Amino acid sequence: MIEKMAYVNITGPRERMEDITDRYLCDVDIHLENAVLRLEGQRFAVPMTAQDPYRELLGRSESISESVEDFFGKKDKKAQKKEEKRLQKKAKENPMDRDEAIALVQDAYAKACEDKEAVSVFKDQLAELEADRDSLAPFIGLAYPVEKLMKFKYVACRFGRVPKAAWNDFSRMIADDRSTVFSKCQTDDKYVWGVFFVPENEDARADSFYAALRFERVDVCDKYCGTPKEICDELNEKISKLKADIDKYTADIKSVLNEDMRDRLWIADNTLKALSHNFESYKLAACIEDDEDFDGVDTPFFFMCGWMRVREANELKKKLESNEKDIICIVNDKPLEAGLEPPVSIKNRGIFKPYEMYTKMYGLPNYNEFDPTVLVAILYSFIFGAMFGDLGHGLCLLIGGAVIYFVKRSPLAGIISFAGFFSSIFGLLYGSFFGFEDIIPALWLKPRSAMINLNFIGRLNTVFAVAVLFGMLLMLVLMIINVLNHIKQKNFKESIFSSNGIAGFLFYGTVVLVAVLYVTGKALPATIIIVVLIVISVLMLALNEPLTNILNKRKALETGVGMYCVETFFDLFETVLTYFSNTLSFLRVGAFAISHAAMMEVVLSLGGYTEGGNGSIVVLIIGNIFVMGFEGLIVGIQVLRLQYYEVFSKFYKGDGREFKPFFIKRRNS
């Protein structure tokens with residue numbers, strides 16, 4: 001069902017716009033239009049200009065979120081999704097208004113983020129002190145002030161390490177070197193640390209000699225006074241103090257960002273995001289500059305326009321009229337008469353709602369068109385059941401789809417469940433239960449064995465004959481819907497002369513009547529009338545253009561008679577071919593009904609159930625699962641194809657634009 005729309009205009013003093021938006025428009029569904037374009041040509045209408053006041057607050061909220069991740073860790077995606085659902089529920093129960101959200105974010109930012117900056121500075125200092133300490137720690141055994149070592153005038157010193165595996169060779173070689181003195185300091189699992197001294201004029205030779213012995217030079221900190229041990233003790237004391245400060249500030253941050261505060265900050269962030277988004281309405285509003293010559297005062301006004309559901313629009317108008325004397329709200333609930341094209345919002349309830357997915361996949365109906373969702377739901381499920389008729393499979397689809405739909409709210413699951421219901425009905429009609437055709441009696445027929453004798457055609461499977469007859473009747477019904485649709489749109493040309501209009505209905509309906517009577521061996525009643533109907537309908541189809549032009553008081557033919565006759569011949573040929581191909585398309589309904597029974601016979605044969613013995617239950621289960629999944633998917637696609645190409649093409653355009661409410665609702669805020 002297409003919901004009725006009203007075109008709404010709202011205007012008032014410019015300084016009142018944000019207040020009106022926050023108090024009234026944020027709680028309703030309104031599809032905003034660009035007001036400047038609507039007022040195009042108006043002398044005083046200009047776009048609204050304003051800076052988003054929530055951008056800086058959102059930046060601070062993002063910094064707080066980063067702080068939460070830094071101090072409490074980042075959750076995985078599954079945990080985040082679960083946490084978000086909990087918070088959404090909490091936000092509905094405890095909504096937050098604008099002032100509370102702003103105050104909360106500002107307060108948390110001042111307390112947490114400033115402390116975080118201090119912690120960051122302390123951590124940088126800590127890293128520097130630890131690096132200085134770590135560079136001197138291996139040389140604690142050196143009992144001489146480092147600053148004095150660096151200031152020797154005639155002797156150079158080199159700090160470094162030797163791999164433990166090379167220590168024996170290293171110590172033996174340096175013992176024979178008279179120009180250097182090596183002082184061993186600390187030893188760890190991998191290295192022996194130490195310092196060697198060499199006369200200043202021998203340092204180049206010594207560097208090469210020691211490098212050959214796998215001595216690796218290291219840089220040590222020289223900005224402190226004292227022996228390495230004294231310096232390390234001093235640095236350890238500073239490091240301990242810094243760690244204590246970091247722990248204190250971290251504890252303060254965690255106390256500020258406790259669990260309750262984190263929840264409230266999430267709600268505040270969502271509130272600010274909604275406010276920021278809603279503030280974007282300024283870009284769609286217009287500012288009307290008042291003419292000073294009119295009242296001597298320059299009073300700018302805001303102007304907003306958009307679409308609302310009629311009931312909500314009237315309620316909004318009443319609220320504004322009773323509460324806001326300086327705001328004008330005009331509601332037009334007959335937009336088509338004003339030449340306006342409303343956006344479309346379709347609303348279907350119960351079992352029909354999931355099928356809106358299929359309608360939207362093809363395209364929304366325009367505002368003056370018929371919503372095909374209910375028709376799609378009935379036809380899709382009915383045809384699916386006829387093609388996939390099995391009581392066992394149908395019950396599995398019905399129950400499984402219903403469970404998934406009520407748990408996950410998946411539209412596709414709802415469609416599967418409803419289609420499964422019709423599969424169960426046709427399973428009873430076919431007498432099929434998980435492929436077995438001897439457990440329950442067939443209330444109608446067995447698709448593979450039921451045959452019928454028809455004149456001219458001969459012996460034919462009954463399912464094929466019924467499928468074609470169903471397709472013919474359906475096409476006639478769709479033509480009636482198309483006629484009513486065009487009458488509603490006041491497009492009388494299409495309702496009368498088109499191939500899916502009255503002319504097409506008369507022609508195709510007469511041909512169907514003749515064909516049915518002929519193949520069933522019945523005599524044609526009133527043959528002359530039937531011939532007359534066919535001739536009249538063909539003439540209406542052939543003379544479509546000149547008759548329409550005459551009704552519109554224009555020249556009958558825009559082109560020559562010869563060219564028009566050629567075009568008309570090919571148009572009629574295409575129309576007849578389309579009728580024929582559309583009718584034959586419904587043969588697939590019978591074909592899949594038979595193929596389903598054939599596939600299940602293969603499964604039963606593989607499981608050993610066709611020989612009268614006890615078959616394999618494992619093969620039976622796997623085979624049924626395969627048929628339900630594989631064939632169910634193919635049948636679902638084929639039925640959707642029938643909907644789009646054979647059904648929608650008869651009466652539906654699907655060129656409507658979607659109704660998209662602009663504001664993010666903040667109930668009770």
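The values are calculated or read from the model by the stated rules, or taken from the named source; none is laboratory data. Computed from a predicted model, the values in this text were never measured in an experiment. Note: ideal-geometry Cβ built from the backbone for every residue, glycine included; neighbour counts use all protein chains shown. The protein model used for the area step is the full one, side chains on, heavy atoms only, and it has no ligands, DNA or RNA in it. Shrake-Rupley method; radii C 1.70, N 1.55, O 1.52, S 1.80 Å.
Rounded to the nearest 10 Å², what accessible area does residue 152 have for a 1.4 Å probe in the complete protein model?
80 Å²
Determine which lysines satisfy two conditions relative to residue 81: a Cα distance under 22 Å, and not lying fewer than 8 residues away in the same chain.
Leaving aside lysines fewer than 8 places away in the same chain, those within reach of residue 81 are 89, 90, 92, 273, 408, 665.
Name the residues of the range 407-442 whose amide N is less than 19 Å from a point 7 angstrom out from the Cα of residue 605 along the C-beta direction?
From the range 407-442, the list is 433-438.
Give the shape of the range 562-669 as rounded, prolate or oblate, defined through the alpha-carbon gyration tensor: a ≥ b ≥ c are the square roots of its eigenvalues, a/c under 1.5 means rounded, and otherwise the shape is prolate if a/b is larger than b/c and oblate if not.
The shape class here is oblate.
Within 10 Å of each candidate Cβ there may be at most 10 other Cβ atoms; applying that plus a DSSP loop requirement, which chymotrypsin sites (Phe, Trp or Tyr not before Pro) in the range 449-507 survive?
Here the sparse-neighbourhood loop sites are 456.
Could you name the lysines in cross-link range of residue 190, using Cα to Cα under 25 Å and dropping any fewer than eight places away on the same chain?
Qualifying lysines at Cα under 25 Å: 164, 229.
Please give the calculated 222 nm ellipticity per residue for the chain, where each DSSP H segment of at least 4 residues contributes -39500 (n - 2.57) and the sum is spread over every residue; nearest 500 deg cm²/dmol?
My calculation for the chain gives -18000 deg cm²/dmol from helical runs alone.
With each pseudo-label sitting 7 Å past Cα toward Cβ, what's the residue 200-residue 325 distance in nm, one decimal?
9.7 nm
Please work out the C-alpha center-to-center distance from the range 619-641 to the range 193-236 and express it in whole Å.
79 Å
Considering only protein heavy atoms, what per residue accessible area in square angstrom results for the chain with a 1.4 angstrom probe?
So the chain comes to 54 Å² accessible per residue, rounded to a whole number.
Probe radius 1.4 Å, ligands and nucleic acids left out: which of 616, 537 has the largest accessible area, and how do the rest follow?
The most accessible residue leads, giving 616, 537.
Excluding ligands and nucleic acids, what accessible area in Å² is computed for residue 605 using a 1.4 Å probe, to the nearest 10?
Probe radius 1.4 Å; accessible area of residue 605 about 70 Å².
Whole angstrom only: what separates the Cα centroid of the range 394-408 from the Cα centroid of the range 571-599?
31 Å
Taking volume of the Cα convex hull per residue in Å³ straight from the coordinates, which label in (1) 373; (2) 206; (3) 250 is the correct one?
Step by step, volume of the Cα convex hull per residue in Å³ for this structure corresponds to label (1).
Under a cut-off of 17 Å between alpha-carbon atoms, report the lysines in cross-link reach of residue 660, not counting same-chain residues fewer than 8 places apart.
4, 283, 347, 360
Of 432, 367, 445, whose Cα points farthest to the positive end of the dipole of the range 364-449 (charges on the beta-carbon: +1 Lys, Arg; -1 Asp, Glu; origin at the Cα centre)?
Value computed over the given set: 432.
For the range 573-629, which GluC sites (Glu not before Pro) pass both filters: DSSP loop (anything but H, G, I, E, B) and at most 13 other C-beta atoms within 10 Å?
Listed in order of number, the matching sites are 611.
What distance in nm separates the simple spin-label points at residue 114 and residue 440, each placed 7 Å from Cα in the Cβ direction?
Computed distance between label sites residue 114 and residue 440 equals 7.5 nm.
Which listed residue (469, 323, 113) has the Cα farthest towards the positive end of the charge dipole for the chain, taking +1 on Lys and Arg C-beta and -1 on Asp and Glu C-beta about the Cα centre?
469
Tell me, what is the percent relative contact order of the chain, built from C-alpha pairs under 8 Å that lie six or more residues apart?
The value is 20 percent.
Ignoring everything but the protein chains, give the 1.4 Å probe accessible area of residue 506 in square angstrom, nearest 10.
50 Å²
What does the charge dipole of the chain about its Cα centre add up to, to the nearest 20 debye, if the Cβ of each Lys and Arg holds +1 and the Cβ of each Asp and Glu holds -1?
Taking the Cα centre of the chain as origin, the dipole is about 2500 debye.
With labels modelled as points extended 7 Å from the Cα through the Cβ direction, what inter-label distance (nm, one decimal) is found for residue 530 paired with residue 39?
For the pair residue 530/residue 39, the computed spacing is 6.8 nm.
Can you send over the carbon and sulfur percentage of the accessible area for the chain, probe radius 1.4 Å, protein chains only?
59 percent
Loop only per DSSP, at most 11 neighbouring Cβ atoms within 10 Å: give me the GluC sites (Glu not before Pro) in the range 49-94, ordered by residue number.
Counting only loop positions with at most 11 other Cβ atoms within 10 Å, none of the GluC sites (Glu not before Pro) in the range 49-94 qualifies.
Tell me, how many Å apart are the Cα centres for the range 164-183 and for the range 6-67?
81 Å
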